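Take a look at the structure set out below.
What follows is calculated from the coordinates using simple rules that are stated; it is not laboratory data. Bear in mind the structure is a predicted one, so any value in this text is a computation, not a measurement.
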Amino acid sequence: MVTVTQEAIALLGAIRSDVISQMSPLPTDQPAPALRLIIQQGQAGLALDLPRAGDQVVEQDGQAILLIDTEVGELLSGATLAVQATPQGDQLTLVPSTEDEGAE
C-alpha cells in the first residue's frame, strides 16, 4: 500500500480540479474521473481514469482523487507520496520505504 500525505492529497485535489475544469462537460451518468498513479518506463506519472476493481482509492471530501492499481501498489509498497517544495513550486514526490526507519 502507498501512503499519501495530507499535503499530497490537497495538491492532487487541486491538480484534478484544474484538469477536469479544462475538459468538455463530463457525462453525468458516470463518476468523475480521478488521477491514476502510473509507472511507465520506470517513471511515475498521473493520468485521468475511472476507478477499477482492486484499486487503492484516495479520497478528498468524498471524491476519489487518486487511484493506485494493485500492480503499482505492490511495486511501490511502503512508499509515501508527499509534497516537496522546489523553486518551481510544490511538487509531488515518492519517498521510498526504508527498512531501517528511524535508524541514523
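At-a-glance table
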quantity: Cα long-axis angle, helix 6-21 against the chain (0 to 90 degrees, to the nearest 10); calculated: 30 degrees
quantity: Per residue Cα convex hull volume in Å³ - calculated over the chain; calculated: 135 Å³
